[in-house]
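Trainee: Take this structure, written in structure tokens, and hold onto it; I'll ask about it next.
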Amino acid sequence: MSSQTASLRNVKPLRAEVSAAEWQTRIDLAAAYRLCDLYGMSDMIYTHISARVPDEPRHFLINPHGMLFDEITASCLLKVDLDGTVLYQPGGEYGLQIAGHVIHSALYRARPDVKAAMHTHTTAGMAVSALECGLLPLTQTALRFHGRLAYHDFDGPERDLGERDRLAQDLGPHNSMILRNHGLLTVGPTVAEAFTAMYGLERSCQAQVVAMACNTPLNELSETVVEKTVGMYAPSVVRRYGLLEWPALLRRLDRQDPSFRD
């Protein structure tokens with residue numbers, strides 16, 4: 001057994017050493033990693049999900065780079081500050097991924113309302129990110145994002161701190177973004193909402209690439225229907241997606257493997 005494997009299996013439980021608010025956030029974030037893997041949105045050890053520490057707004061939690069998403073637990077998550085200093089790191093040598101720091105610190109620096117962020121490299125997400133047309137209003141689910149979706153042009157992997165301002169500027173007031181030629185990004189006021197937004201965005205991309213691959217004319221919606229539906233999905237009209245779903249998702253994880261709570 002490698003020293004890394006042994007040390008990660010013996011990560012010190014943190015529940016008694018952090019606030020109740022931070023512990024709950026750790027549980028929710030660990031759950032998001034497990035759910036990301038469960039729903040086919042993980043990319044081995046790559047990509048990342050983060051959450052701001054509720055009572056320490058300049059600090060956020062993120063995965064140790066080197067662990068698979070289905071290995072993540074509440075206690076093993078790194079705690080880092082907006083400058084990239086690792087404040088807590090569990091046993092082993094798994095540390096902070098540079099791209100993870102650049103992307104997530106950019107969001108938390110620019111948007112005090114953002115409490116969680118999720119980035120993926122799924123096949124469907126990357127495919128739509130490579131299409132000039134981007135995400136089309138082809139399905140009911142896609143219409144949740146129509147007019148509320150930002151785009152960020154690819155300029156190489158996010159390893160330069162100078163990229164943070166451009167990321168934040170391109171996201172603007174939106175909670176979902178397509179990183180062109182790269183992947184997908186969602187943010188939210190809770191882990192549950194960031195995850196559920198990503199689930200919806202991912203499903204929208206999956207439906208689009210499958211429909212386009214059929215090599216037959218698409219049934220495009222009229223402008224009137226698009227505008228009507230977009231209005232019905234306005235944040236002031238529709239419920240906050242994620243809050244109702246989250247307890248059920250946690251129950252599913254508890255039935256399968258409750259170790260994410262450790």
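Trainee: Tell me which lysines have Cα within less than 16 Å of LYS115's Cα, excluding those fewer than 8 residues away on the same chain?
Mentor: LYS79
Trainee: What does the charge dipole of the chain about its Cα centre add up to, to the nearest 20 debye, if the Cβ of each Lys and Arg holds +1 and the Cβ of each Asp and Glu holds -1?
Mentor: 640
Trainee: Right, another one. With Kirkwood's inverse mean 1/r over C-alpha pairs for Rh, give me the Rg to Rh ratio of the chain, two decimals please. Don't skip to the end; give the middle numbers.
Mentor: On the way: Rg = 18.4 Å, Rh = 18.9 Å.
Rounded to two decimals, Rg/Rh equals 0.97.
Trainee: Give the distance, in whole Å, between the Cα centre of segment 136-196 and the Cα centre of segment 39-96.
Mentor: With segment 136-196 and segment 39-96 each reduced to a Cα centre, they are spaced 20 Å.
Trainee: Across 5 Å bins from the origin, how do the percents of Cα pairs in segment 42-96 run, short distances first?
Mentor: 4, 21, 33, 25, 13, 4, 0
Trainee: Can you give me the solvent accessible area of THR25 with a 1.4 Å probe, rounded to the nearest 10 Å²?
Mentor: Roll a 1.4 Å probe over it and THR25 shows about 20 Å².
Trainee: OK, next. Which of VAL80, VAL210, VAL114 ends up with the largest GNM mean-square fluctuation for the chain, with Cα atoms connected below 10 Å?
Mentor: VAL210
Trainee: Tell me the carbon and sulfur percent of the accessible area for the chain, rounded to whole percent, probe radius 1.4 Å. If you can, show how the numbers build up before the last one.
Mentor: Details: 6550 of 12510 Å².
Carbon plus sulfur share of accessible area: 52 percent.
Trainee: Another one. So which residue, out of ALA130, ALA16, ALA117, gets the largest mean-square fluctuation from a GNM of the chain using Cα contacts under 10 Å as springs?
Mentor: ALA16
Trainee: With springs only between Cα atoms under 10 Å, which of THR139, THR47, THR73 fluctuates most in a Gaussian network model of the chain?
Mentor: Answer for the Gaussian network model of the chain: THR139.
Trainee: Sticking with this structure for a sec: Relative to the longest principal Cα axis of the chain, at what angle does helix 191-213 sit, 0 to 90 degrees, rounded to 10?
Mentor: Result, in degrees: 40.
Trainee: Where the convex hull is taken over the Cα atoms of segment 6-98, what is its projected area averaged over directions, in nm²?
Mentor: 5.6
Trainee: Follow-up. Over the residues of segment 156-241, compute the C-alpha Rg and express it relative to 2.2 N^0.38 Å. Mind dumping the intermediate values first?
Mentor: Working: Rg = 15.8 Å, N = 86, 2.2 N^0.38 = 12.0 Å.
Compared with the compact-globule rule of thumb, segment 156-241 sits at 1.32.
Trainee: Also, quick follow-up: Quick one: accessible area per residue over the chain, 1.4 Å probe, rounded to a whole number of Å²? Working shown, then result.
Mentor: Numbers: 12510 Å² over 262 residues.
That works out to 48 Å² per residue.
Trainee: Of all DSSP beta bridges in segment 46-143, what percent run antiparallel (nearest 5)? List each step's numbers first, then the result.
Mentor: Working: 15 of 15 bridges.
Percent antiparallel among DSSP bridges in segment 46-143 is about 100.
Trainee: Moving on. What residues have an amide H closer than 5 Å to that of HIS48, excluding those fewer than 5 places away on the same chain, when H is modeled at 1.01 Å from N in the peptide plane?
Mentor: Under 5 Å from the amide H of HIS48 lie the amide H atoms of HIS119, each far enough along the sequence or on another chain.
The values are calculated or read from the model by the stated rules, or taken from the named source; none is laboratory data. Remember, predicted model here, so these are calculated numbers, not experimental data. With ideal geometry, Cβ positions are generated from the backbone for all residues, glycine too; neighbour counts draw on all protein chains shown. The accessibility values were calculated without ligands, DNA or RNA, using every heavy atom of the protein model including side chains. Shrake-Rupley method; radii C 1.70, N 1.55, O 1.52, S 1.80 Å.
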